[in-house]
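Coordinate-derived values only; no laboratory data. It should be emphasised that the depicted structure is a prediction, and the values quoted were computed from it without experimental measurement. Using ideal geometry, Cβ is built from the backbone for each residue, glycine included, and neighbour counts are taken over all protein chains shown.
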């Protein structure tokens, strides 16, 4: 008997999840999106087996339901699901970046809810960017709700094994605290640094000096302002605790966060994104930076030695190698660092010529 999976929201994350779950031999994956064009694209691309027209009817047949939408939309769907006729034993999950609010909403459900956060992403978006290797070697956090027993968590972990992600079970509070430190708070710092640069009017050449290391360390300030508005409003308390040690711009940012008003926060991130995107791409700038090449590779034995072998044949020296596990807002699984832009370009051309792997430069 087939396992029926419904994925609601077919963007990068939802599409990639559906595509990865296709690796199971005995599943039927249905997909729904508010944009009907996206659903048709997903079906034509072979990401889903069935395009859903009636959300309620498809949910009634599902064994697993994934809400791959922003947290605000996921909360609304959870409230709607109370009126759906769902199967006994159905497991509902989400893919959002914050967990406490969604778990609070799920408390009202009679069905099993297990929060999920696949910590992977890409510089691309939309169903067209979906790839079945997106979650490989990335952390996939699970936060069980009040009805979720160990057996339910085990079923979810078994289902997700084919994604090759590393599942970790945490409480919602643990998740939001940890991500506020390593993900949410750094984003605010990056945005505040760009705001500080934008206030520099006396020496306009400062922006040219910011082309290197400054541009690298503020990369995440170019993320979607609406997404980050939602993340900060939903995890405001945790992030505010991190901001207490900062002054000046951090004090201003803390006031915005404490007020927790969506529009000012959106404008803050939007301004940071606009200023950061205008920075020059070329040049070293005033801060040292390594030249990184990001490569999307499958998790198979010998793949790294294969790539380094190709580069050795062309006498391209590598400064550092690292596998990215938490890849939110970062593209690629393997990061190769080089001493010069010329070496990086040689490596990009070499790998592009000898393999079919996608190669990116930040």
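Some notes on this structure:
- Modelled FRET efficiency - R0 25 Å, residue 61 with residue 181, Cβ distances, 0.05 increments: 0.05
- Extension gain, residue 342 to residue 79, is 89.3 nm, computed as 0.36 nm per intervening residue step minus the present C-alpha separation.
- Debye log10 I(q)/I(0) for the range 20-64, one point scatterer per Cα, at q = 0.32 Å⁻¹: -1.21
- Candidates 41, 85, 131: whichever shows maximal mean-square fluctuation once the chain is modelled as a Gaussian network with Cα springs under 10 Å: 85
- Calculated on C-alpha atoms, the gyration radius of the range 83-124 divided by its Kirkwood radius gives an Rg/Rh of 1.07.
- Value at 222 nm in deg cm²/dmol, rounded to 500, when DSSP H runs of n ≥ 4 in the chain each add -39,500 (n - 2.57): -12500 deg cm²/dmol
- One Cα centroid belongs to the range 1-79, the other to the range 107-149; the line between them spans 13 Å.
- Multiplying the residue separation of residue 169 and residue 50 by 0.36 nm and subtracting their alpha-carbon distance yields 39.8 nm.
- For the chain, a Gaussian network of Cα nodes joined below 10 Å ranks 262, 313, 202 by mean-square fluctuation, and the top entry is 202.
- Taking the square roots of five times each eigenvalue of the Cα gyration tensor of the range 1-43, the equivalent ellipsoid has semi-axes of 19, 10, 8 Å, listed largest first.
- Dimensions (Å) - the range 125-247, Cα atoms, principal axes, largest first: 62, 36, 22
- Antiparallel DSSP beta bridges within the chain, as percent of all bridges there, nearest 5: 45
- Each listed q (0.07, 0.15 Å⁻¹) maps to a log10 I(q)/I(0) for the chain, found by the Debye formula over equal Cα scatterers with no solvent: -0.33, -1.34.
- Going from the fewest other Cβ atoms within 10 Å to the most, the residues 155, 124 appear in the order 124, 155.
- Using a simple spin-label model with pseudo-atoms 7 Å out from Cα toward Cβ, residue 258 and residue 277 lie 3.2 nm apart.
- Note that the range 291-361 shows a convex hull volume over its alpha carbon atoms of 81 Å³ per residue.
- Taking the range 18-44 and a reference point 7 angstrom along Cα→Cβ of residue 2, the backbone N atoms nearer than 13 Å belong to 22, 24-31.
- Largest first, the three principal axis extents of the alpha carbons in the range 193-268 are 37, 25, 20 Å in whole numbers.
- Cα-based equivalent ellipsoid of the range 3-170: semi-axis lengths in Å, sorted from largest, via gyration tensor: 21, 18, 15
- Ranked list, fewest to most other Cβ atoms within 10 Å of each Cβ, for 86, 134: 86, 134
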